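Notes for the one structure printed next.
The values are calculated or read from the model by the stated rules, or taken from the named source; none is laboratory data. Predicted, not measured: the structure shown is a model, and the values here were computed from it. Because the Cβ atoms are built from the backbone with ideal geometry, glycine has one as well, and the counts that use them run over all protein chains shown. Just so you know, the surface numbers come from the protein's heavy atoms only, side chains and all, with ligands and any DNA or RNA stripped out. Shrake-Rupley method; radii C 1.70, N 1.55, O 1.52, S 1.80 Å.
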Amino acid sequence: MKLVSACLCGLNCRFNGTGKLDPEILEMVASGKAIPVCPEQLGGLPTPRECCELKNGRAKSAAGNDYTEGFERGAEEVLRLAREIGADEFIGKSKSPSCGTGQVYDGTFSGTLTDGDGITVKLLRENGIRTSNK
(Lines give C-alpha, C1' and ligand atoms only; values in the text may rest on other atoms or scores of the structure.)
Protein backbone atom coordinates (compact mmCIF):
# COMPACT_ATOMS: atom_id res chain seq x y z
CA MET A 1 0.00 0.00 0.00
CA LYS A 2 1.14 3.51 -0.80
CA LEU A 3 0.20 7.01 0.27
CA VAL A 4 0.02 9.71 -2.40
CA SER A 5 -0.39 13.47 -2.40
CA ALA A 6 -4.12 14.10 -2.73
CA CYS A 7 -3.58 16.91 -5.25
CA LEU A 8 -2.11 14.32 -7.65
CA CYS A 9 -5.53 12.63 -7.68
CA GLY A 10 -7.06 15.90 -8.85
CA LEU A 11 -8.37 16.90 -5.43
CA ASN A 12 -8.39 20.69 -5.11
CA CYS A 13 -6.25 20.88 -1.99
CA ARG A 14 -3.16 22.79 -3.16
CA PHE A 15 -2.39 26.18 -1.63
CA ASN A 16 -4.32 27.94 -4.43
CA GLY A 17 -7.33 25.62 -4.27
CA THR A 18 -6.40 23.56 -7.33
CA GLY A 19 -5.33 20.00 -7.97
CA LYS A 20 -2.52 18.62 -10.13
CA LEU A 21 -4.11 15.50 -11.64
CA ASP A 22 -1.77 12.68 -12.58
CA PRO A 23 -3.77 9.90 -14.29
CA GLU A 24 -1.33 7.20 -13.12
CA ILE A 25 -1.77 8.25 -9.48
CA LEU A 26 -5.54 8.45 -9.86
CA GLU A 27 -5.56 4.88 -11.24
CA MET A 28 -3.50 3.67 -8.25
CA VAL A 29 -6.10 5.14 -5.89
CA ALA A 30 -9.06 3.87 -7.96
CA SER A 31 -7.62 0.35 -7.95
CA GLY A 32 -7.09 0.37 -4.17
CA LYS A 33 -3.28 0.45 -4.30
CA ALA A 34 -2.91 3.91 -2.75
CA ILE A 35 -4.61 6.30 -0.35
CA PRO A 36 -4.60 10.07 -0.99
CA VAL A 37 -3.49 12.44 1.78
CA CYS A 38 -2.92 16.20 2.00
CA PRO A 39 -0.47 16.93 4.82
CA GLU A 40 -1.35 20.62 4.95
CA GLN A 41 -5.06 19.93 5.37
CA LEU A 42 -4.33 17.17 7.91
CA GLY A 43 -2.29 19.76 9.79
CA GLY A 44 -5.30 22.08 9.99
CA LEU A 45 -4.33 24.57 7.30
CA PRO A 46 -7.14 25.98 5.14
CA THR A 47 -7.56 25.69 1.38
CA PRO A 48 -6.84 28.02 -0.22
CA ARG A 49 -3.92 29.25 1.89
CA GLU A 50 -0.84 31.40 1.47
CA CYS A 51 1.84 29.83 -0.71
CA CYS A 52 4.76 28.66 1.42
CA GLU A 53 8.36 27.79 0.73
CA LEU A 54 11.02 26.32 2.99
CA LYS A 55 13.83 28.43 4.38
CA ASN A 56 16.05 27.17 7.18
CA GLY A 57 13.59 24.34 7.80
CA ARG A 58 10.64 26.70 8.27
CA ALA A 59 7.51 26.90 6.08
CA LYS A 60 6.93 30.59 5.48
CA SER A 61 4.82 32.68 3.13
CA ALA A 62 6.14 35.55 1.03
CA ALA A 63 4.56 37.89 3.61
CA GLY A 64 6.69 36.26 6.33
CA ASN A 65 3.90 34.32 8.05
CA ASP A 66 5.21 31.10 9.60
CA TYR A 67 3.09 27.99 9.02
CA THR A 68 5.67 25.44 10.17
CA GLU A 69 3.53 24.17 13.05
CA GLY A 70 0.66 23.19 10.71
CA PHE A 71 3.07 21.54 8.27
CA GLU A 72 4.62 19.54 11.12
CA ARG A 73 1.21 18.48 12.51
CA GLY A 74 0.24 17.27 9.05
CA ALA A 75 3.51 15.36 8.65
CA GLU A 76 2.87 13.58 11.97
CA GLU A 77 -0.64 12.62 10.82
CA VAL A 78 0.68 11.23 7.53
CA LEU A 79 3.30 9.19 9.42
CA ARG A 80 0.62 7.88 11.81
CA LEU A 81 -1.55 6.82 8.89
CA ALA A 82 1.41 5.24 7.07
CA ARG A 83 2.15 3.13 10.13
CA GLU A 84 -1.49 2.14 10.62
CA ILE A 85 -1.93 0.89 7.05
CA GLY A 86 1.60 -0.46 6.61
CA ALA A 87 2.43 1.91 3.75
CA ASP A 88 5.84 1.26 2.24
CA GLU A 89 6.01 4.36 0.03
CA PHE A 90 4.79 7.93 -0.29
CA ILE A 91 4.49 9.56 -3.71
CA GLY A 92 4.37 13.31 -3.35
CA LYS A 93 4.00 16.45 -5.41
CA SER A 94 7.44 17.55 -6.56
CA LYS A 95 8.95 20.74 -5.12
CA SER A 96 6.27 21.02 -2.43
CA PRO A 97 7.28 22.31 1.03
CA SER A 98 5.46 19.25 2.43
CA CYS A 99 5.74 16.57 -0.22
CA GLY A 100 8.83 17.39 -2.29
CA THR A 101 11.61 14.81 -2.46
CA GLY A 102 15.14 15.90 -3.33
CA GLN A 103 14.39 19.51 -4.26
CA VAL A 104 12.10 22.21 -2.90
CA TYR A 105 11.64 25.92 -3.53
CA ASP A 106 14.26 27.89 -1.60
CA GLY A 107 12.13 30.44 0.26
CA THR A 108 12.87 33.41 -2.01
CA PHE A 109 9.64 33.01 -4.02
CA SER A 110 11.69 33.44 -7.19
CA GLY A 111 11.14 29.92 -8.58
CA THR A 112 14.61 28.87 -7.42
CA LEU A 113 15.04 25.27 -6.27
CA THR A 114 17.41 24.00 -3.61
CA ASP A 115 18.38 20.48 -2.54
CA GLY A 116 16.21 19.18 0.26
CA ASP A 117 12.99 17.47 1.22
CA GLY A 118 9.59 18.76 2.24
CA ILE A 119 8.60 18.55 5.90
CA THR A 120 6.40 15.45 5.47
CA VAL A 121 8.93 13.67 3.25
CA LYS A 122 11.73 14.37 5.73
CA LEU A 123 9.75 12.81 8.58
CA LEU A 124 8.70 9.79 6.52
CA ARG A 125 12.27 9.13 5.36
CA GLU A 126 13.55 9.43 8.94
CA ASN A 127 11.08 6.66 9.78
CA GLY A 128 12.08 4.30 6.97
CA ILE A 129 9.34 5.06 4.43
CA ARG A 130 10.45 5.45 0.82
CA THR A 131 9.48 8.62 -0.98
CA SER A 132 9.33 9.72 -4.61
CA ASN A 133 7.81 12.54 -6.63
CA LYS A 134 5.44 13.17 -9.51
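Values as computed for the structure displayed
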{"read-out": "Where the chain is the region considered: accessible area per residue in Å², 1.4 Å probe", "value": "50"}
{"read-out": "Sum of -39500 (n - 2.57) over DSSP H runs of 4+, divided by residues of the chain (222 nm, nearest 500)", "value": "-8000 deg cm²/dmol"}
{"read-out": "Proximal lysine pairs, the range 51-134, alpha carbons under 14 Å, eight or more residues apart or interchain", "value": "5"}
{"read-out": "Unmatched cysteines, the chain - criterion: no other Cβ of a Cys under 4.7 angstrom", "value": "Cys7, Cys9, Cys51, Cys52, Cys99"}
{"read-out": "Dipole moment magnitude, nearest 20 debye, the chain about Cα centre, only Lys, Arg, Asp, Glu C-beta charged", "value": "100"}
{"read-out": "Relative contact order (percent, whole number), the chain, Cα cutoff 8 Å, 6+ residue spacing", "value": "24"}
{"read-out": "Inter-probe distance in nm under a simple model that places probes 7 Å from Cα toward Cβ, at Leu21 and Asn56", "value": "4.2"}
{"read-out": "Structure-derived semi-axes √(5λ) of the Cα gyration tensor in Å - corresponding label in (i) 22, 16, 14; (ii) 24, 17, 14; (iii) 64, 21, 13", "value": "(i)"}
{"read-out": "Label-reachable residues, the range 40-71, where backbone N falls under 15 Å from a point 7 Å from Phe109's Cα toward its Cβ", "value": "49-55, 59-67"}
{"read-out": "For Val4, distant residues with modelled amide H under 5 Å away", "value": "Ile35, Val37, Ile91"}
{"read-out": "Accessible-area composition of the range 32-128, carbon plus sulfur, in percent [1.4 Å probe]", "value": "46"}
